There are 2 protein chains.
Amino acid sequence: MQQTLTIGKLAKKTNVSIDSIRFYERRGLLAEPMRTEANYRCYPLDTAARLRFIKKAQKLGFSLDEIKGLMDLQHDPDATKADVKAQTKEKIKDILEKIQDLTRMLAALEKLDASCDGHGPTAECPILEALAADDSQGCHH
Amino acid sequence: MQQTLTIGKLAKKTNVSIDSIRFYERRGLLAEPMRTEANYRCYPLDTAARLRFIKKAQKLGFSLDEIKGLMDLQHDPDATKADVKAQTKEKIKDILEKIQDLTRMLAALEKLDASCDGHGPTAECPILEALAADDSQGCHH
DNA sequence: ATAAACTCTTGACCATAGTCTAGAGTCAAG
DNA sequence: CTTGACTCTAGACTATGGTCAAGAGTTTAT
């Protein structure tokens, strides 16, 4: 009973596809695991934790590159909590910005929606008219 | 004085790159324009309005395929304002969902951020620990 | 012993929204 | 009339996060 998993077992255990696991390895998010004589990957049990880390960080909006950065920090003896905190704050800023952009879009769309009674042909649809409107007049040189 | 523009003039007028204009044509967002004898595209002036439409709808979060759908509705005599309104409402729903997802991410990240004092090495960083935590215990079969 | 299930590598492919390159042809200004 | 700016096509390349297929080898179950 060695404490290792085949890629298939690891995939099932973590709900991450075999292809994704190999993809993460290529991208440097997972270390290259030991191999059996037949060249099969055999993963130590804690690789599952690493995959959990990846999936959770992904849900929080980190890209694979950013996740790699976080995991590298984790194993860098010279890295500080402040480094991790800085990346977290960076991400918070990103997300706030996205929320603001989406809120503006939402307001614009709701205004369009309210302007249209929803009856008749598209010929004079205020939504389409608003999108087609030429506001290039706003900036004369 | 024909009322047409070369692709370069159109690009400058609309701030859309020449490559993007040709790309939109390939994707069916712009009709194939007339050509000169030398096979140069010559655009009627109102193509600029169509490009404005595309860019505005894009800012509102519509994908190119969705924008194509909207523009097709615009010229379909059987399409109704209700069709446009339905797509707008669909988009509003999408955007609300995205905002909710991002808001949840934000809350999670802010909680992580607050849990870390930002001093010392990463060894016991609560942010990294939270990401690494195994919550698979929540679901025993 | 043999078939099913698993794994390996390499490389192509998906969507999205473009950008860039090469090589050829065209147009305008000096 | 030549040089520089513009345009043409086809196809490759970017980033992101994977998925899929082919063809070969391995392991497991019956």
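The numbers here are math on the coordinates, done by the rules we state, and not lab data. Model, not experiment: these values are computed from the prediction. Every residue, glycine as well, gets a Cβ built from its backbone with ideal geometry; the counts of neighbours run over all protein chains shown.
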*Placing a label point 7 Å from Cα toward Cβ, how far apart in nm is B:Lys9 from its equivalents in the other copies, listed shortest first to one decimal?*
7.1
_Nearest-first distances (nm) between copies at B:Ala38, label 7 Å from Cα via Cβ_ = 6.7
*So, in nm, how far is label B:Thr103 from label B:Asp65 when the simple model puts each one 7 Å beyond its Cα toward the Cβ?*
2.8
_Let me spell out the model: positive unit charges on the Cβ of Lys and Arg, negative unit charges on the Cβ of Asp and Glu, origin at the Cα centre of chain A. What dipole size does that give, in debye rounded to 20?_
1260
*Which residue is it, in chain B, whose C-beta lies closest to the B-to-A rotation axis, and what is that distance in whole Å?*
B:Ile99, 3
*Theoretical FRET efficiency, 1/(1+(r/R0)^6), r = Cβ-Cβ of B:Ala123 and A:Ala130, R0 41 Å, to 0.05*: 0.15
*Just grab the label-to-label distance for A:Leu96 and B:Ala31, each label 7 Å out from Cα along the Cβ direction, in nm (one decimal).*
4.8
*Cleavage-rule hits (GluC sites (Glu not before Pro)) in region A:1-109: DSSP loop, at most 10 neighbouring Cβ within 10 angstrom*: A:Glu37
*Using a label point 7 angstrom from Cα along Cα-to-C-beta, what distances in nm, from shortest up, separate B:Leu64 from the other copies?*
2.3
_Relative contact order for region B:1-79: what percent, with Cα pairs under 8 Å and sequence separation of 6 or more?_
30
*asked:* For Cα pairs less than 8 Å apart in space and 6+ apart in sequence, what is the mean separation divided by the residue count of chain A, i.e. the relative contact order in percent?
replied: 15
*asked:* Compute the angle between helix A:81-114 and the longest alpha-carbon principal axis of chain A, please, reported from 0 to 90 degrees and rounded to the nearest 10.
replied: 30
*aspartates and glutamates within cross-link reach of B:Lys98: Cα-Cα under 17 Å, excluding same-chain residues under 8 positions apart?*
A:Asp94, A:Glu97, A:Asp101, A:Glu110, B:Glu90
